[in-house]
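A short worksheet on the structure shown next.
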Amino acid sequence: MDWGMRNRLSGIMRPDTGRCVMLAIDHGYFQGPTTGLERPGETVAPLLDHADALMLTRGVLRSAIDPGRRVPIVLRVSGGTSILKDDLSDEDLTVSIEDAIRLNASALALSIFVGGPHEKETLTNLARLCDDGLRYGIPVLAVTAVGKEMARDARYLGLATRIAAELGAQIVKTYFCEGFEKVVGGCPVPIVIAGGKKIEEREALTLAYSAVSAGASGVDMGRNIFQSKWPAQMIQAVRRIVQDGQTDAEAWEWFQASIGK
Ligand code: 5RP
């Protein structure tokens, strides 16, 4: 791996822990103005000091994020569908490598839909994106998107994450599931987990703790942070688990004290 690629990766995954708290706010690329992200600049401003990286689209980056903020950017470069369609797998690449470089992206993110109607296109798009990334020293984060009908179990997620790594992704984002150790064990590159739909803060902390305990290299969490009534406290509590080695119970105690409960 060349210097540029390693340097970008170490900006995302803290070198001393090998872990990452990534804040995901890219939901609008197919969901439109997601709850909590109507004005993304205002939502993320108090959170960025606690994030190791920020995952978003170029539109929100250019319009809502101060270029003076020193946060590594994980740029969403796949899309082309919306929630109005039944088949969300019909994605293509939506950003040129030149524009990603112009935006100083630390990584490029795209979704793959293993088992979906457009499985092949999303996988070959991943391979092409990895070639572009390798040409310029930019890592690729593959998101294992899950279609409505697909099980989020260790067998399926193990298959999807391994394929992502085999095709060249340097980081894989997936969902936590029972038997997650098997998913991590079968994937030769770091895995971060999505938070999924908003759940109670206590449960979301347990999710983060269970994932890192099972070998995840961190989180790429969105709704369970920015849809919380206490987003700044929530991201700090997650950070305590991922980067400071606290248990979910310890982080929960800190969270409650910090919101005055
Ligand atoms: C959508 C994404 C989102 O970034 C991802 O789902 C993370 O957000 P959340 O924690 O809200 O699930 O990649 O495809």
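The values are calculated or read from the model by the stated rules, or taken from the named source; none is laboratory data. Every value quoted in this text rests on a predicted model; they were computed, and no experiment measured them. All Cβ positions, glycine included, derive from the backbone under ideal geometry; neighbour counts span all protein chains shown. In case anyone asks, the SASA skips ligands and DNA or RNA and just uses the protein heavy atoms, side chains included. Shrake-Rupley method; radii C 1.70, N 1.55, O 1.52, S 1.80 Å.
Please enumerate the residues belonging to the stretch 134-153 that are outside any loop (DSSP other than H, G, I, E, B) and buried (at least 18 other Cβ atoms within 10 Å of the Cβ).
Residues satisfying the conditions are VAL140, LEU141, ALA142, VAL143, THR144.
Specify the residue that is nearest to the ligand (Cβ to nearest atom); the eligible residues are those in the stretch 6-36 that are under 14 Å from ILE73 (Cα atoms) and in a helix (DSSP H, G or I).
Among them, the one singled out is ILE12.
Please state which one of ILE191, ILE199, ILE235, ILE225 is surrounded by fewer than 23 Cβ atoms within 10 Å (Cβ to Cβ) and not charged (D, E, K, R).
Exactly one of ILE191, ILE199, ILE235, ILE225 is surrounded by fewer than 23 Cβ atoms within 10 Å (Cβ to Cβ) and not charged (D, E, K, R), namely ILE199.
Which members of the stretch 45-84 meet the condition of being more than 25 Å from GLY137 (Cα to Cα) and in contact with a Leu (Cβ under 7 Å, 6 or more places away or on another chain)?
LEU47, THR81
So, in the stretch 87-133, how many residues would count as being within 21 Å of TYR175 (Cα to Cα) and in a loop (DSSP other than H, G, I, E, B)?
Qualifying residue count for the region: 11.
If you take the residues of the stretch 163-173 that are assigned to a helix (DSSP H, G or I) and either among the hydroxyl-bearing types (Ser, Thr, Tyr) or within 23 Å of ASP87 (Cα to Cα) (or both), which of them is least open to solvent (accessible area, probe 1.4 Å)?
Among residues in the stretch 163-173 that are assigned to a helix (DSSP H, G or I) and either among the hydroxyl-bearing types (Ser, Thr, Tyr) or within 23 Å of ASP87 (Cα to Cα) (or both), the one least open to solvent (accessible area, probe 1.4 Å) is ALA164.
Looking only at the stretch 37-62, filter to residues that are assigned to a loop (DSSP other than H, G, I, E, B) and within 17 Å of the chain's Cα centre (by Cα); which one of those is farthest from the ligand (Cβ to nearest atom)?
ASP52
In the stretch 1-18, which residues are closer than 25 Å to MET234 by Cβ and crowded, with 21+ Cβ neighbours inside 10 Å?
Within the stretch 1-18, ILE12, MET13 qualify.
Identify the single condition in (1) of a type in the set (Ser, Thr, Tyr); (2) more than 21 Å from THR17 (Cα to Cα); (3) touching a strand residue (DSSP E or B) at 6+ places or on another chain (Cβ under 7 Å) that THR174 does not satisfy, given that it satisfies every other one.
Result: THR174 fails condition (2) only.
Among (1) out of contact with any helix residue (DSSP H, G or I) (no Cβ under 6 Å at 6 or more places or on another chain); (2) open to solvent by 80 Å² or more (accessible area, probe 1.4 Å), there is one condition GLY115 misses while meeting the rest; what is its number?
Failed condition: (2).
Do we find a residue being away from the ligand (no atom under 13 Å from the Cβ), under 25 Å from ASP52 (Cβ atoms), in contact (Cβ under 8 Å) with a residue 24 or more places away in the chain and not in a helix (DSSP H, G or I) anywhere in the stretch 202-214?
Yes, the stretch 202-214 contains at least one residue that is away from the ligand (no atom under 13 Å from the Cβ), under 25 Å from ASP52 (Cβ atoms), in contact (Cβ under 8 Å) with a residue 24 or more places away in the chain and not in a helix (DSSP H, G or I).
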